[in-house]
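Below is one structure, written out as structure tokens, with a few remarks after it.
The numbers here are math on the coordinates, done by the rules we state, and not lab data. Note that this is a predicted model, so its numbers are computed, not measured. Note that each Cβ is placed from the backbone with ideal geometry, even for glycine, and that neighbours are counted across all protein chains shown.
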Amino acid sequence: MSPKSFLGEFEQMVLLAILQQADEAFALEVRREIERSAERTVSRGAFYTTLDRLERKGFVRWTDAVSQDTRRSGPLRRFAVTRAGLVALRESRKAFDTLSRGLDRLLGETP
Amino acid sequence: MSPPIGPPRWVSSLLARVLPSGTIGTSVKADLDQEFREMLGRVTSGTARRWYAWEALKLAAHYSWGGVRSLDLPRSGGRGMEGFMGNVRLALRHFRRAPGFTFVAAGTIALGIGANVAIFSVVNTVLLDPLPYDSADELVAIWEWHELRDRQKNVANPGNFSAWRDGSESFAQMTSVSMAMPATVTAAAEPEEAMVQYASPDFFEVLGLEASLGRTLASEAEVVISDRYWRERFAASPTVVGQTVELNGLSVVIVGVLPRSYVVFGEGTDLWAANANDEGDQTNSGRWLMVVGRLAPGATLSVAEQELKAIAVGLQEAFPVFNAGWTVQLVPLKDEIVGDVQQALWILLGAVGLLLVIACANVANLFLVRATDRQREMAVRTSLGATGGSLAGQLLTESLLLAGGGASLGVAIAHVTTRWMSTSMPDAFALPRVEGAGVDPTVLAFAVVMTVGTALVFGLLPAVQAARTSPAGTLGAEARGPSRFTGVVRNGLVIAEVSVSVVLLSGAALLGRSFSALMAVDHGIEAEHVLVGRVNLAGSKYPTAAPKVAFFDELFERIAAKPGVEAVGGVTFLPMDGQGAANSYWVADRAAPDPADRRAADIRNVAGNYFDAMGISLLRGRLFDDRDRTDAPQTVVVNRSLADMYWPGETAVGRQVVVDWVDETPWEIIGVVEDVRNTGPETEARETIYIHYAKGTFFPWMHVAVRATGDPALLMETVRLELAGLDETLAMGSVRVMEELVNRAVARPRLTSLFMLIFAGLATVLAAVGMYGVLSYAVSRRVREIGVRIALGSEPGRVLGMIVAQGARLTAVGLALGLGAATLANRLIAGLLYEIAPSDPVALFGAGGVLAAVELLACAIPAWRASRVEPAEALRAD
């Protein structure tokens, strides 16, 4: 695993949330998805800079979309996880699983 | 239809400016706008707008400084409280990284502010606080005044006092209190000596003074006691009110305790007894009252003075002998109490103000050095988007924190020391009202103003410099060192420090020389080895002169017989003890002068071997002996001033003087003794006439003076026992060694010159540190250049000379400016000087010389270091 593909926890959450939202992965919805599932407040600043960073790393890309809301003042970005992004997510998950092996009792609550 | 509610425009446009350009930025903002619109449906528009402003600001902050944070530079700048707290965190971090700098800078500030707060707390308590009486500014002290004899602020005659009180309309009330007199007080078993003043029953009422316990005087046979006497004699018992005590054999009731702050004419007084001071017509019978009047509504001091002067003219005509030449003098009560110390205190406050200026210059210099060293940091932060303003804000925050920290320390030290000094050793201060000195809200407000002012003074220059930082310029210039502007400013600061130090040092030198001149004064007595104590025979047991004389004869004989005693005698008023009797006199073989032209002499009754005991030398003739007893012809001893005034070059022995004392029978002069400075060391001796106690006195007491062969304090118990053996109902009061009185007389000039010396010393050290700092820094910046010079063959001596010359130039300019300023400033302290002119060249050039030497020493260390630079190392150095 190259250092470049290493993902931070928050980056993983952003990528997963984009995947969850599929065609509706607009920034606002992605952020709300993270807040809902992780049950924590997400700072707008941190969220947008993470998106931009993931884009620079080639893990996400975005396209212009047309908003349903006619009053919207600016462009709407729809995000999608790239192939590289998927690879990086898989690598991270694999490393996570390997490291967690045999620790179920200690970490508790396995589904 | 009303227009749709939008987000606050200012924050919206701010956000737009901060966000990245293009789709990314506009889409981020559009997201936030959309959330705002969704929120409008759920909450009030005000809440939504506040929410938007807050979120937008956070987002803007993130985009502005997020990058800086990721480089691990602490966040600073910003707006409002958050920005300020960021600045504070950053400043604290810097202080932790530079403990030496922080310690020196905060310590310097603590010193400057601490000294200012300490002196100001004294000034505030003594001079600025109003007297603790009702409408205290209406109160006026009224004295008699004999212009010709220069008897200013003389105590008043009771008859004259009644005439003023009854005849004036400018005063709503007028009252009086007598001079303090010794009295014997018997509370339980042991009799005690105490000082009593006889006050008109309305005295405290006119002042508007409330007793702190019980009440003040209302009628005769009542007394009130001082707070000190209450604590020392009655162990602060609340049951003291209502207690009956004997005062000179008469029963009186204690009706109250006066507050601790009471100061009017009562220094050292233990009891105040009610007494109508104006009974009958007492004109022609001496002066012993201190008078206080309360101005009537609308009356002014000058109108009141004119009115009383007119009354005094009438009194001169009514009693041409007694009142000839006497008029009145009015002094606002507050000036009366603190007038003497006003000048010294303001001057000391000025001196510490100058000390603070030097401290500020020093800290500003430190900041400038540090700012130069931090140019790279500033440049990096500028290139990351920090504005000049935010950098300046950061540096000002550092100044404020440093000043605040130093000031807190200074205030704490000032509080502890002033409290300690004013409560444990008020005698050292020798100041009225000083007991209350300490840090109170006024002093604290003063400290805060001083601190903020200080921080601005020393923080502004570096801040201005930082605000002018441009990243490209600075990153390029950094290698070259400080800017030309900074160098000029730093040299200017050193020059200022040197010149202000010279002003302080020369002031201290003047006061020090004046004080040593004062100490060198021949008082006319030999105070070492002398024990003094007061014995009072007032009361019914010794009703006339004869038993009093017999008693003292016996006492002196008994004490003289004890081992370790060289001579014993007595006098009615001790030298340097603050009061005494004076009467008019004239020379018998010349025409009696008109009453208005008669001179006055100090009159002292003496007994035993007083002159030997006090060490007053006999110049001509003889001293009193058994030939001068009650039934012998009238004889006096006079001092040299009197003899020289009338019989210069001739002998005064055998001549006669008439003294307005008992009657007008001439007295024959049998001896001439050396002058004694009765009032204090700084006042020339006045004409003095010594009359034997047996020849009649108005005073029932004597101060016993015992000359010991060794330590006089060891004789205290012996003397007490002898007194008790002779009459167990008597106690000795105010037992002290005579040196204590002499020291007390010079306590104030000693304190002023000591404080001034301390402040000047601190100023000199600070100025030297400032010089050292500037030169060390210059050397460290020029290591490479110096290395090249040495490599090219320059002698280390020349390098040393080059650096010293740089310091010497600064010192010379500072000295020239400082000496010029000192000649002006020293005129302000002329009033405090004794026999030294404010332009005294020894003090001026001495101060200049000392400072020059210290400054050159401060140059020597960096210069020596420069001369030791190894060329190879210097060239390798970065």
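Given charges of +1 on the Cβ of Lys and Arg and -1 on the Cβ of Asp and Glu, with all other atoms neutral, how large is the dipole of chain B about its Cα centre, in debye to the nearest 20?
6740 debye
Roughly what angle does helix B:301-318 make with the longest principal axis of chain B, taking Cα atoms, 0 to 90 degrees, to the nearest 10?
Once rounded, the angle reads 10 degrees.
Can you tell me the relative contact order of chain B? Whole percent, Cα pairs under 8 Å, sequence separation 6 or more.
Rounded, it is 15 percent for chain B.
Mind ranking B:18-27, B:690-699 by how tightly packed they are, going by the mean number of other C-beta atoms within 10 angstrom, highest first?
Descending packing order for the listed peptides: B:690-699, B:18-27.
If packing is taken as the average count of other Cβ atoms within 10 Å, what order do B:169-177, B:106-114, B:247-255 fall into, highest mean first?
B:106-114, B:169-177, B:247-255
What are the lysines whose alpha-carbon lies under 21 Å from the alpha-carbon of residue B:548, with same-chain residues fewer than 8 places away excluded?
Reachable lysines: B:695.
Just tell me how shielded A:45-55 is by partners: mean number of partner chain Cβ atoms within 10 Å of each residue's Cβ, no decimals.
Going residue by residue through A:45-55 and averaging, the value is 4.
Tell me the mean residue ellipticity at 222 nm calculated for chain B from its helices only (DSSP H runs of n ≥ 4, each -39500 (n - 2.57), averaged over every residue, nearest 500).
Counting only the DSSP helices, I get -17500 deg cm²/dmol.
Which is farthest toward the positive dipole end of the range B:740-836 among B:811, B:755, B:791, measuring Cα position about the Cα centre, with Cβ charges +1 (Lys, Arg) and -1 (Asp, Glu)?
It is B:791.
Would you mind checking the tilt of helix B:441-467 against the longest principal axis of the Cα atoms of chain B, expressed as 0 to 90 degrees and rounded to 10?
30 degrees
Using the per-residue mean of other Cβ atoms lying within 10 Å as a proxy for protection, in what order, highest first, do the peptides B:832-839, B:93-100, B:362-369 fall?
B:362-369, B:832-839, B:93-100
Could you tell me how many degrees, from 0 to 90 and to the nearest 10, lie between the Cα long axis of helix B:45-70 and the main elongation axis, the longest principal axis, of the Cα atoms of chain B?
Taking Cα atoms only, the helix is inclined about 80 degrees.
Using Cβ contacts closer than 10 Å as the measure, can you line up B:399, A:100, B:261, B:867 from fewest to most?
A:100, B:261, B:867, B:399
Is there a simple number for the mean count of other chain Cβ atoms within 10 Å of the Cβ of residues in B:31-44, and what is it?
3
Fully extended, how many nm does the chain gain between residue B:205 and residue B:617 (0.36 nm per residue separation, minus their Cα-Cα distance)?
In short, 143.4 nm is gained.
Please name which of B:21, B:618, B:510 has its Cα lying farthest along the dipole of the protein assembly as shown towards the positive end, using unit charges on Cβ (Lys, Arg +1; Asp, Glu -1) and the Cα centre as origin.
B:21
Between residue B:684 and residue B:631, take the C-beta separation as r, use R0 = 41 Å, and let me know the FRET efficiency to the nearest 0.05.
Step by step, r from the Cβ atoms, then E = 0.65.
Which of the aspartates and glutamates could be linked to residue B:541 by a straight reach, that is with a Cα gap under 20 Å, when you skip same-chain ones fewer than 8 residues away?
Qualifying aspartates and glutamates at Cα under 20 Å: B:190, B:192, B:193, B:246, B:553, B:554, B:722, B:727, B:728.
So which lysines pass the test for residue A:57, namely a Cα distance under 29 Å, with those fewer than 8 places away in the same chain ruled out?
A:4, A:94, B:29, B:58
Counting only other chains, and only Cβ atoms inside 10 Å, what mean value do you get across the residues of B:19-27?
That average works out to 4.
I want to make sure I understand the PRE zone here: with the label point 7 angstrom from the Cα of residue B:809 toward its beta carbon, which residues in the range B:484-519 have backbone N atoms less than 16 Å away?
Only B:484-496 pass the distance filter.
Treating only the Cβ of Lys, Arg, Asp and Glu as charged (+1, +1, -1, -1), what charge dipole size does the range B:9-72 show about its Cα centre? Round to the nearest 20 debye.
Dipole of the range B:9-72, to the nearest 20 debye: 240 debye.
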